[in-house]
Amino acid sequence: MDTHAHDRRRFLALGAALAAAPVLSACGAGFGGDDDRSDGSAADDVTGSFDWKREKGATVKALLNKHPYTDALIADLKAFTEQTGIKVEYDVFPEDNYFDKLTVDLSSGRASYDVFMLGAYMVWQYGPPGWLEDLGPWMRNSSATGAEWDQADFFPNLLQADQWSLKAGAPLGQGGQYALPWGWETNVVAYNTEVFKKLGLQPAETFEELRELAGVIKDKAPGAGFDGMYGIAVRGSRSWATIHPGFMTMYARNGLHDFTVSGEKLTPAMNTPEAIAFTEDWAGMVKRGGPPSWTSYTWYQCSSDLGAKKAGMLFDADTAAYFQAVEGASPASGKIAFHPGPKGPGGSLATNMWIWSLGMNAKSRKKSASWLFLQWATGKEHLRRSAITHNHIDPVRKSVAADAAYKDKMRHLPGFIETFETVVDQTKIQFTPQAQFFDATTSWAAALQEIYGGKGAKSVLNGLAGDLAGKVG
Amino acid sequence: MRLALRPYFLIVPALLLTCGILYPFGLGLYYTLFDFSASKPQPDMVRFENYRTVFTQDSFWNSAWVTVLYAVGAAAVETVLGVAVALLLHRSSRVGRVLEKILILPLMIAPVIAAIIWKLMLQPSVGVVNHLLRPVGLGGVQWTDTPTGALLSSIAVDVWVYTPFVAILALAGLRSLPTSPFEAAAVDGARWWYTFRRLTLPMLWPYVLVAVIFRFMDSLKVFDIIYALTEGGPGDSTMVLQIRAYLEAIRFQRYSFGISYTIVLWAVVYLAAMILVRHLGKIQRKAAEAK
């Protein structure tokens, strides 16, 4: 009997120790961060003369977003494998899930993917935790980078957009190069030439005209043979992506800012009297001439409405209109024209942009091979082929933008080249770089929805600014 | 000695399973005591600061209110409809058998897919719902564009998916009831409503309550339907606690803060479950006495 009791006590003690072990190990293991990062870059290990075949036989794993640019890349991968002997395996996810997948994957600290697509805004989120490889040392190492890659050929504002010092509020173009521009989009107005011609309309030169135009199209287009057409397609879902295209472009053209920066302190500026007035006007425009069910609108719906002749205008990425404008792509193809959009007071054409960039996982075990892939994917040859034979438009390289074959391809789209050339130098990221970007812009989109729903702009934006001040400042 | 240890070895699988459940839970609880986020991978201990912040945020109380509204609304409508459908199917056995098979179709669709289907159907300009309502002058309803509409639409999708679950449970209950009390009532000339109120419902109540418990718990934890339908909008009108937690922990990468939300939700669900299960026990005893 004694022995039995003794055994039970020993067993319980052992059981308790076993149960506690994972908890204790969890405490000891900390939070998944590790200290194996060194200051030296793996790029320093690459020496000798540059050789595309250096990593022959390696396999690089890529995570890609479903996009026409991605289709162009995949279609050309054979050329990369022939040039380098490196195989590329890839997974493609739709945009709704893509960034969640990438975020979770990077935060896990594993090297599931060596390279991936990301936007410049993601650098602000992924850079500070050390998930992104600084590509600067790779670019500067002539043993790792071929002379023909030609860094000076990139539009400088695009290369700078992926460069940051990781300090909140610090301007872009300084610090590490955490991604490379690969394809981009500038935000302009595209419009249906048929309805404009029939109603005798001209593209808006001011924001006031744009709001008026949106209402006129919604009121008059259905009676003029455009059944169910509304004025202007803009995004409205409860997402950061609602803020950055048309809204932020027009906001910036009005000389408005998301935050004011003083040293390292950021103060929300979405509630200045001018910002409140602008936001009210934007919501008013959407109510008067925007899409029904606006609060669920992403770029997919905006783009397809323009293509389906349901929207008279689109204020979004030029690519969103381009994919509908190409021959045979939609009922509206051949009837879509491009315009830089309304100017701000003083004629400002400040434009916000989105850059599809390519980055490297800081945990990748195949950095040399990954760099060869990034170098090839952002190189002149591949980008020229993609722009001419596929739909990888809005070139990140000056040489591709100036290429005669590219210009010939784009010339049949009314106003495309002129619009691109008008806004390209004034297009940059108009947001203040900071790690809470996604929270701030998602909350901003929610605020916009509330104002659209009838709440007072002043109180909603004051609430937003107060909430963000605690998180960002 | 060997014989004496045998019972303990038999509980090893259960012990391992318990550890497998408790480990992530305990780890999550532990993380809430820190300010762990992507921007702070080596965080400081902040003790209960995350909970304090959660409870002092207006957005939390809004989410809590929306969550309760959703759970109560969905569970109530599903219960009433589910019992009504079960009663109808129970009365007409041949048609009922065919309808039963059709009835379980929504349960075979993943809720997120159901929400996407409904999102398309509720689309104001091209959705089939407004198309059907157009002849009666209701073709312009903005189903998910207004705060009230978005919440009601989300509840409606939940009802569409899960009412069959309640109906099937209630139907199983109806078929297991003894027939003699009903035969006696019929002989006495009792009306349908009287029989339902005095006999059917008291005896059926334990089955209904099981369905209520399941549906209420699940509705408190809803994520997929609302996220696919409205993403928590417009504004914060359908921002239930689960979506708020997801945004905080995954989208905005404030891990500790996001987990704090889920721990609070867990406590609420746990308390609600305890109260309901205790109530179920009492009901079951009463029903047994009635039988």
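The values are calculated or read from the model by the stated rules, or taken from the named source; none is laboratory data. If you're wondering where the values come from, they're calculated on a predicted model, not measured in any experiment. Counting neighbours? That spans all protein chains shown, and the Cβs are built from the backbone with ideal geometry, glycine included. Heavy atoms of the whole protein, side chains included, go into the accessibility calculation; ligands, DNA and RNA do not. Shrake-Rupley method; radii C 1.70, N 1.55, O 1.52, S 1.80 Å.
Out of all the residues in segment A:215-243, which are away from every other protein chain (no Cβ under 14 Å), assigned to a helix (DSSP H, G or I) and out of contact with any strand residue (DSSP E or B) (no Cβ under 8 Å at 6 or more places or on another chain)?
Residues satisfying the conditions are A:Asp219, A:Lys220, A:Gly223, A:Ala224.
Looking at B:Arg52, B:Arg47, which is the one that is assigned to a loop (DSSP other than H, G, I, E, B) and of a type in the set (D, E, K, R)?
Going through B:Arg52, B:Arg47 in turn, the sole match is B:Arg47.
Check B:Val80, B:Val72, B:Val85 and return the single one that is more than 14 Å from every other protein chain (Cβ to nearest Cβ), open to solvent by 70 Å² or more (accessible area, probe 1.4 Å), assigned to a helix (DSSP H, G or I) and more than 28 Å from B:Gly235 (Cβ to Cβ).
Answer to the check: B:Val80.
Report those helices (runs of 4 or more DSSP H) wholly inside segment B:114-223 carrying at least 3 residues which are out of contact with any helix residue (DSSP H, G or I) (no Cβ under 6 Å at 6 or more places or on another chain) and at pLDDT 95 or above. Talk me through it step by step, then tell me what you get.
Numbers: elements: B:128-133, B:147-176, B:180-187, B:192-195, B:201-220.
In segment B:114-223, B:147-176 are the helices (runs of 4 or more DSSP H) which contain 3 or more residues that are out of contact with any helix residue (DSSP H, G or I) (no Cβ under 6 Å at 6 or more places or on another chain) and at pLDDT 95 or above.
Of the conditions (1) open to solvent by 20 Å² or more (accessible area, probe 1.4 Å); (2) within 14 Å of another protein chain (Cβ to nearest Cβ); (3) modelled with pLDDT of 95 or more; (4) over 26 Å from A:Tyr452 (Cα atoms), A:Lys167 satisfies every one except a single condition; which number is it?
All conditions pass for A:Lys167, except number (3).
Every residue in segment A:125-158 that is part of a helix (DSSP H, G or I), surrounded by fewer than 24 Cβ atoms within 10 Å (Cβ to Cβ) and in contact with a strand residue (DSSP E or B) (Cβ under 8 Å, 6 or more places away or on another chain), please.
Answer for segment A:125-158, where residues must be part of a helix (DSSP H, G or I), surrounded by fewer than 24 Cβ atoms within 10 Å (Cβ to Cβ) and in contact with a strand residue (DSSP E or B) (Cβ under 8 Å, 6 or more places away or on another chain): A:Gly136, A:Met139, A:Asp153, A:Asn157.
Name the residues in segment A:68-86 that are under 20 Å from A:Ala144 (Cα atoms) and either open to solvent by 20 Å² or more (accessible area, probe 1.4 Å) or assigned to a loop (DSSP other than H, G, I, E, B) (or both), would you?
Answer for segment A:68-86, where residues must be under 20 Å from A:Ala144 (Cα atoms) and either open to solvent by 20 Å² or more (accessible area, probe 1.4 Å) or assigned to a loop (DSSP other than H, G, I, E, B) (or both): A:Ala79, A:Thr81, A:Glu82, A:Gln83, A:Gly85, A:Ile86.
May I ask you to list pairs of residues, at least six apart or on different chains, whose Cβ atoms are under 9 Å apart, with the first in segment A:244-264 being at positive phi and part of a loop (DSSP other than H, G, I, E, B) and the second being of a type in the set (A, V, I, L, M) and open to solvent by 10 Å² or more (accessible area, probe 1.4 Å)?
A:Gly255/A:Ala350
Which of the residues belonging to segment B:170-213 are open to solvent by less than 40 Å² (accessible area, probe 1.4 Å) and either among the acidic types (Asp, Glu) or touching an Asp or Glu at 6+ places or on another chain (Cβ under 9 Å) (or both)?
Those that are open to solvent by less than 40 Å² (accessible area, probe 1.4 Å) and either among the acidic types (Asp, Glu) or touching an Asp or Glu at 6+ places or on another chain (Cβ under 9 Å) (or both): B:Leu171, B:Ala211, B:Val212.
Return the residues of segment B:105-148 that are over 20 Å from the mean Cα position of the chain (by Cα) and small (Gly, Ala, Ser); say none if nothing qualifies.
Matches in segment B:105-148: B:Ser125, B:Gly127, B:Gly137, B:Gly139, B:Gly140.
Do we find that A:Thr249 is among the polar types (S, T, N, Q), surrounded by fewer than 17 Cβ atoms within 10 Å (Cβ to Cβ) and at pLDDT 95 or above in this structure?
Answer is no for this residue.
Taking the conditions exactly as written (under 28 Å from A:Leu106 (Cα atoms), surrounded by 16 or more Cβ atoms within 10 Å (Cβ to Cβ) and of a type outside the set (S, T, N, Q)), does B:Pro24 satisfy them or not?
Judged against the criteria, B:Pro24 is not a match.
Within segment B:228-245, count every residue that is open to solvent by 40 Å² or more (accessible area, probe 1.4 Å) and within 10 Å of chain A (Cβ to nearest Cβ).
As a first pass, look at segment B:228-245 and keep what is open to solvent by 40 Å² or more (accessible area, probe 1.4 Å): B:231, B:242.
In the following step, the residues that additionally are within 10 Å of chain A (Cβ to nearest Cβ) were identified as B:231.
Qualifying residue count for the region: 1.
Condition check ((1) of a type in the set (A, V, I, L, M); (2) over 20 Å from the mean Cα position of the chain (by Cα); (3) more than 26 Å from B:Gly140 (Cβ to Cβ); (4) part of a helix (DSSP H, G or I)) across all residues:
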{"residue": "A:Trp282", "(1), (2), (3), (4)": "no, yes, no, yes"}
{"residue": "A:Gln301", "(1), (2), (3), (4)": "no, no, no, yes"}
{"residue": "A:Asp305", "(1), (2), (3), (4)": "no, yes, no, yes"}
{"residue": "A:Lys309", "(1), (2), (3), (4)": "no, yes, no, no"}
{"residue": "A:Met313", "(1), (2), (3), (4)": "yes, yes, no, no"}
{"residue": "A:Thr319", "(1), (2), (3), (4)": "no, no, yes, yes"}
{"residue": "A:Tyr322", "(1), (2), (3), (4)": "no, no, yes, yes"}
{"residue": "A:Gly328", "(1), (2), (3), (4)": "no, yes, yes, no"}
{"residue": "A:Pro331", "(1), (2), (3), (4)": "no, yes, no, no"}
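Could you check how many residues of segment B:30-44 are assigned to a loop (DSSP other than H, G, I, E, B) and at the interface with another protein chain (Cβ under 8 Å from one of its Cβ atoms)?
The total comes to 6.
Those residues that are under 14 Å from A:Gln375 (Cβ atoms) and open to solvent by 30 Å² or more (accessible area, probe 1.4 Å), I need them from segment A:41-67; list them, please.
A:Phe50, A:Asp51, A:Trp52, A:Lys53, A:Arg54, A:Glu55
The conditions are (1) open to solvent by 50 Å² or more (accessible area, probe 1.4 Å); (2) at pLDDT 95 or above; (3) in contact with a helix residue (DSSP H, G or I) (Cβ under 6 Å, 6 or more places away or on another chain); (4) of a type in the set (A, V, I, L, M, F, W, C), and B:Leu107 fails exactly one of them. Which is it?
(2)
Looking at B:Ala74, is it among the small types (Gly, Ala, Ser) and touching an Asp or Glu at 6+ places or on another chain (Cβ under 9 Å)? Spell out the reasoning first.
Numbers: among the small types (Gly, Ala, Ser): yes; touching an Asp or Glu at 6+ places or on another chain (Cβ under 9 Å): yes.
Taking the combined requirement at face value, the residue satisfies it.
If you check B:Tyr255, B:Tyr227, B:Tyr261, B:Tyr270, which single one turns out to be aromatic (Phe, Trp, Tyr) and free of Cβ contacts under 8 Å to residues at least 60 places away in the same chain?
On the way: B:Tyr255 fails: free of Cβ contacts under 8 Å to residues at least 60 places away in the same chain; B:Tyr227 fails: free of Cβ contacts under 8 Å to residues at least 60 places away in the same chain; B:Tyr261 fails: free of Cβ contacts under 8 Å to residues at least 60 places away in the same chain.
Being aromatic (Phe, Trp, Tyr) and free of Cβ contacts under 8 Å to residues at least 60 places away in the same chain holds for just one of B:Tyr255, B:Tyr227, B:Tyr261, B:Tyr270, which is B:Tyr270.
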